[in-house]
Each structure stands twice: as C-alpha cells, then as structure tokens.
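The block underneath contains the structure these notes are about, expressed in structure tokens.
The values are calculated or read from the model by the stated rules, or taken from the named source; none is laboratory data. For clarity, every value in this text was computed on a predicted model and none was experimentally measured. No Cβ is skipped: glycine too gets one built from the backbone with ideal geometry, and neighbour counts run over all protein chains shown. These accessible areas exclude ligands, DNA and RNA; they are computed on the full protein's heavy atoms, side chains included. Shrake-Rupley method; radii C 1.70, N 1.55, O 1.52, S 1.80 Å.
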Amino acid sequence: MSQDRRVDSYDRGRIEDVGRWKDWAKHKPGMWAFYLHRFTGLVLSFYLVMHLTVLGTGFWLGHTEYTEIIHGLESLFIVKLLEVGLFAAFVFHALNGVRIVMFDMTIGLDVQEQLFYLSIALSFAVVMVGVPFFLL
Amino acid sequence: MATTQETQRSEPATAEGKAELDVFRYIPEEDDEPHTETYEIETFEGMTVLDALIKIRDEQDSSLTVRHSCRMARCGSDAVYINGTQRLACNTQVSELSQPIDVEPLPRFDVIRDLVVEMNEFYDRMESVEPWFQPDHEPETGEEYLQSPENRKNIDTVLDCIWCGACTSSCSPAATDSDFPGPAALAKAYRFYKDEREGEETRKRRLEMLESSHGIYRCHTQFNCTEVCPKGISPTEAIMEMSRDAVKEKLRFWR
Amino acid sequence: MSTQKPSKTAGWNWFLQRVTGVGLVVLLGFHFAVEHFIVGAANVTAGNTVERITNGLIQGDHVLGQITINMPAFLYQATAISLLGFSVFHGMYGVYNVLMEQDTLRAYEKPIKYFFIVFSAALFVQGILIFLAFFEPFWQVYDPR
C-alpha cells in the first residue's frame, strides 16, 4: 500500500531492521534484557532438542551404553563448563521471564530497569552458588 | 527578557561555544550512497539541534534538508536520530550532547533526502488501529459526548502523542514485522480503548482487532518506545494493559 | 502494511507461553536440582535414573553429601512428563515466534508452522519413548541383556 506512494527513497537495508549494533553502547537496559532473553531462549531451545536426541539414542543403545555415554561426556571439562553456561542461561531466562510475566500483569513497569539489574544480580549469585556443583 | 536573549545571542562565540555535527547526507539526484558530512558551528545558549541544523543550512550548506515546522515539540515533524537515540531535534539541547554530535534520519524508515524520511508506512500503521471516535450510540438529543474526569485521567498521557514516529523507529519488532502496528499505533488504540464514551461493543471490537500474534502479543517489553518518547508516554504500559485485559476476557468463561 | 488479522488462538498461545514459562521455572529448577545438585551429572547412571523414574527415589552423594529423598513415584513421573511437555511447547513456540517476527519468513508461514507442529510432536513422542524405556517391560526391548 505504501509501496506505490513511496517516492524515490533510499532503502537502508535489513541491517537497519535487526538492530543498531553500531550504537550498542546506547542500548537501554530494557533492550539488553530483550537481547539476553532471546539469546538464552534460543540456546535453551537448541539444547532441548540435543538433550532429547542424545538421551534417546543413549537409552536405546542399552543401559551400559547409556551410562558410558554420560560418563564419557562428563569426563570432559569443556562439557562441564558448557553445563555451567547452560545453567546460567536457564537461571537468567527464568528470572527475566518472571520479570516479563510481571509486566504482563502490569506490575513493576515503572521499575523495569531495576528489575533487570535485580535479575542479573540474582542470576550471577545463583550461578556462583551452582559452580562447585557443576565443576566438582 | 527579549533583550537578555538578544545579548546572549550576539555575544561572540568562545572556544567552548563551538559544536561539531556529523550529519547524514543523501541527495538521491546526486549521491549513489549516503555519506556523513562534518560541520562546525558556533553555538549560543539554549541552542537546540534543530537550531544548529538550520544554522548550517543558512550559513554553510543550503542543500541540507530537515523537516521541521513548529520548533517547539508540538508538531512532531523533526524526529531524528541524535547520538544513537531517537529524539526531537527541536527538543534537544546541543550543550547536553557529547561531541561530535551524530545526526541521522530515523532508523528503519526509508530516506527521501538527508534527514527526511518516508513516513507513509508509519501513517498506515497508525490508520490500521482506526484512530477515530466510534461511539456505539449517539447521546440523547441535545447532549454532548460527555466524558467523566476520572475516565479522562486514564488517557491523559497517551493523548499527548504527536505522531513523530520516534517510538516506532526504536522498536525492533515493529521493524521486522510489518503487520505489527508498533508502539505509537497501539498507544493510540489504547486511547480509544480506554474511552468509555465509545461503549462496550466498540471496546470489545477494538480489543479483538488487536488480538493477534502480530498485534498486541508481538510486544517484547523492550521499553525502547518508553525511553525515546519525547512526550513521556509509555506505549509499553498501554500494550501490556490491553493484552492483560484481552487474556482476562478469554478466561472469563469459568468466572 | 496489511490489515490486522485477528486471531482466536494467539491469545491462548500467548497465555500458555506464560503459564508454561512459570511452570518451567519450577520444573526445570527441580530438574537441575536433582540431576546436578543432589546426584551430580557425573554420577548419573542408567541404574539410578531408573530408580528415580520408577520409584521416585532420589539418591545422591555429591557436593552436599549423602541425600535421599523418596517422592511418591507418580509425583516424580508427573514432573518428568510435564517438564517434557512444557519445555517442548515453550521452546518450540518461542523459536517459531522468533521466526514469524521476520517479514522475510512470513511468505513461508504455513510450511514453517506445520514443520514446527510436526517437529514438536516428534520431540514429545521421543521424550515419551525415553520415559517408557525406564520401565522394565520396555527397557528389555532396547536392552535384552
């Protein structure tokens, strides 16, 4: 509809649409919360698919093989480290998710920045508590 | 008072009374690609970015194009992207900005020339929510459409919208999803949704009209629109209230 | 700008996304607590997994020391199944919406939608098959030894 009315204009391309990364330092907390929420959400969804696939094949191979697969993975330090990352992604996504559900009930919209900082601080604290459980 | 203003303006500019502006330039007849041009100007106290741009146009480069009209944050025609934020050029003090001041047309709108962007897409979005008064019934003969002061209070802030497009430019779902009306249009929808004079039927119809995953449910509470609104409107709050009401309406069957 | 297409399901899906989200905070939190905090990922074996699923017996000797929790079996199984269902819905509906937000992908809205429905169903079935494989009559199908 607007297409026919559009005069000779310069289309600045898709990069304008996705985000102004050039000005990332100018992004406000609400936008960072969105970026982090989306990133952790995609990470968790990807992990969900991998989790079900690996677990499934592991179990269908038999009990001994299942145990071996788990122990083989857990003996790698990088796997443990990635699990800490996964835990961090879950904790932030959960806490920021609670923040979003609060907004949906129109609670705390005035203190959204503080709530974002709170969710970051709480995530950090919970993940720090969790680190020994994952790495030991 | 006018005299003090005059004396301050006529005072010779000191070293700190200078400002450097990096302005986005694009003239379709001449340029293939946009480029940035740097201008140095002398400032005066109370100078806004719009004043600076007009000064550049008057004194240095008459081809510089910027859309402006009232110069007092009422008409909403001079929303531009200043130092990484959507603002009204007439409502932004040069002295408050870090230099060089980066001035670009509103992101995510097509550029017609220099700082002038194509706004029709934005107006289409505004129209899509039917931003006009649609009462269920006419008032009894001789009466006006009276609104109670309490009801009017609900829409005090959203009524201030000047259609400048700053919020819609800042909103990433509005940029990637052309069916999403965007913050300004949804705040406008809220203005009529909250108006009790329209009656229950229209209120329900308005809510149903917006109920889509490309409607009110597309909001990601980025709060960008709330941050950039030159009028202090919070479209996020309006959208959240409408989506909350819409879901409440759905859950009513077991109430 | 096309006209708004009102949808009857969008509101429900949006609401379910919130409900499953809040549910997952609890369920996934529980899952992490059991697998990583009580048992410890490195100590997970087929044997103790079967104990948890079939008897609701959570036993671990990790950083916190010896811990034994005996939940009613049906309760543990309920958390497992709802964790599966909630996470598949929440995750897949989330990714689907990330894609549908892009105008360029809207041309393929139908195929993408059906792909996600089929894929989510497949994931759920996969999860159910894993769940069933913990019970004796089924695990013998996979593991005749």
Name the residues in region A:21-31 that are in a helix (DSSP H, G or I) and surrounded by 15 or more Cβ atoms within 10 Å (Cβ to Cβ), would you? A:ASP23, A:PRO29, A:GLY30, A:MET31
Which members of region C:58-72 meet the condition of being more than 18 Å from C:LEU28 (Cα to Cα), surrounded by fewer than 17 Cβ atoms within 10 Å (Cβ to Cβ) and not charged (D, E, K, R)? C:GLN59, C:VAL63, C:LEU64, C:GLY65, C:GLN66, C:ILE67, C:THR68, C:ASN70, C:PRO72
Only residues that are of a type outside the set (Lys, Arg) and within 15 Å of A:ASP104 (Cβ to Cβ): list them for region B:216-233, please. B:ILE216, B:TYR217, B:CYS219, B:HIS220, B:THR221, B:GLN222, B:PHE223
Could you go through region C:55-64 and let me know if any residue there is within 30 Å of B:GLY182 (Cα to Cα), without any contact (Cβ under 8 Å) to a residue 24 or more places away in the chain and assigned to a helix (DSSP H, G or I). no
B:PRO149 passes all but one of the listed conditions (1) open to solvent by 20 Å² or more (accessible area, probe 1.4 Å); (2) within 17 Å of B:TRP132 (Cβ to Cβ); the exception is number (2)
Just the residues that are within 12 Å of chain A (Cβ to nearest Cβ) and part of a strand (DSSP E or B), please, taken from region C:68-91. none
Only one of (1) more than 24 Å from A:ASN96 (Cβ to Cβ); (2) touching a helix residue (DSSP H, G or I) at 6+ places or on another chain (Cβ under 6 Å) is not met by B:GLU200, so which one is it? (2)
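Go through B:THR168, B:THR176, B:THR157 for me and flag whichever is in the same structural domain as B:SER212 (by TED's automatic domain parsing) and open to solvent by 70 Å² or more (accessible area, probe 1.4 Å). Let's see the steps before the verdict.
Working: B:THR168 fails: open to solvent by 70 Å² or more (accessible area, probe 1.4 Å); B:THR176 fails: open to solvent by 70 Å² or more (accessible area, probe 1.4 Å).
Result: B:THR157 is the single residue among B:THR168, B:THR176, B:THR157 that is in the same structural domain as B:SER212 (by TED's automatic domain parsing) and open to solvent by 70 Å² or more (accessible area, probe 1.4 Å).
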Among the listed residues A:TYR47, A:TYR10, identify the single one that is open to solvent by 40 Å² or more (accessible area, probe 1.4 Å), at pLDDT 80 or above and not polar (S, T, N, Q). A:TYR47
Check whether at least one residue in region C:10-30 is part of a strand (DSSP E or B), more than 8 Å from chain A (Cβ to nearest Cβ) and open to solvent by 60 Å² or more (accessible area, probe 1.4 Å), and report yes or no. no
Across region B:61-101, the tally of residues that are within 19 Å of the chain's Cα centre (by Cα) and open to solvent by 60 Å² or more (accessible area, probe 1.4 Å) stands at 7
Restricting attention to region C:92-129, and to residues there that are among the small types (Gly, Ala, Ser) and facing another protein chain (nearest Cβ under 7 Å), which single residue is farthest from A:LEU55 (Cα to Cα)? C:GLY94
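Looking at region B:63-79, which of its residues are closer than 15 Å to B:MET119 by Cα and within 14 Å of chain A (Cβ to nearest Cβ)?
Passing the criteria: only B:ARG67.
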State the number of residues belonging to region B:165-223 that are within 12 Å of chain A (Cβ to nearest Cβ) and of a type in the set (Gly, Ala, Ser). 6
